[in-house]
Amino acid sequence: MDIRERLKKILKQVNNELTVEFKSIIKDINQSQKTEKDWELFKKYYESVNKDFNRKLSKINNNLSTHDYRLAVLISLSLNIKETAALLNISPARVKIARHRLRARLNVRKGEDLYAFLSGL
């Protein structure tokens with residue numbers, strides 16, 4: 001039984017105050033799954049256009065997370081921090097932190113433009 005089904009089962013046993021919260025959580029799970037499917041479709045398209053991007057990123061650092069890869073793709077598309085935050089469903093402040101960490105993981109020199117670095121791959 002997946003998380004959504006377990007929550008629906010619990011939902012039948014809780015009072016009205018928690019019902020709204022449980023429905024909200026179930027909705028968030030559904031949205032998250034939809035977003036994940038959308039990302040997979042986008043990833044396939046992006047990789048068909050930029051065939052070596054993932055391989056080149058992996059060559060620089062083989063331990064990049066899925067989140068690192070997603071951020072790198074969005075930066076390479078020249079999206080700003082607010083646009084990136086909206087697509088990753090995180091705050092702009094978290095995007096700035098993630099960009100900083102990505103720079104470190106890719107050994108991008110201080111002062112070097114991250115967009116230019118990623119576009120050059």
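Residue under question is K8, and the condition is that it be closer than 20 Å to S119 by Cα and either part of a helix (DSSP H, G or I) or touching a residue at least 24 places away in the same chain (Cβ under 8 Å) (or both); does it hold? Answer is no for this residue.
The condition of being farther than 30 Å from E5 by Cα and either assigned by TED's automatic domain parsing to the domain that holds K8 or surrounded by 15 or more Cβ atoms within 10 Å (Cβ to Cβ) (or both) holds for only one of L88, L118, that being L118. Considering each residue of the stretch 93-106 in turn, none proves to be modelled with pLDDT under 90 and either surrounded by 14 or more Cβ atoms within 10 Å (Cβ to Cβ) or under 26 Å from I3 (Cβ atoms) (or both).
With respect to the conditions (1) more than 30 Å from L11 (Cβ to Cβ); (2) surrounded by 14 or more Cβ atoms within 10 Å (Cβ to Cβ); (3) modelled with pLDDT of 80 or more; (4) under 13 Å from the mean Cα position of the chain (by Cα), S65 falls short on a single one, namely (2).
When the stretch 89-121 is filtered for residues that are part of a helix (DSSP H, G or I) and farther than 18 Å from L57 by Cα, the ones remaining, listed by number, are P92, A93, R94, V95, K96, I97.
The set of residues in the stretch 72-88 being in contact (Cβ under 8 Å) with a residue 24 or more places away in the chain and assigned to a loop (DSSP other than H, G, I, E, B) consists of S78 alone. I60 falls short of the stated requirement of being among the hydrophobic types (A, V, I, L, M, F, W, C), within 30 Å of R6 (Cβ to Cβ) and either at pLDDT below 95 or outside the structural domain of K8 (by TED's automatic domain parsing) (or both).
The values are calculated or read from the model by the stated rules, or taken from the named source; none is laboratory data. Quick caveat, the model's predicted, so the values are computed rather than measured. As a convention, Cβ positions derive from the backbone with ideal geometry for all residues, glycine included, and neighbour counts pool all protein chains shown.
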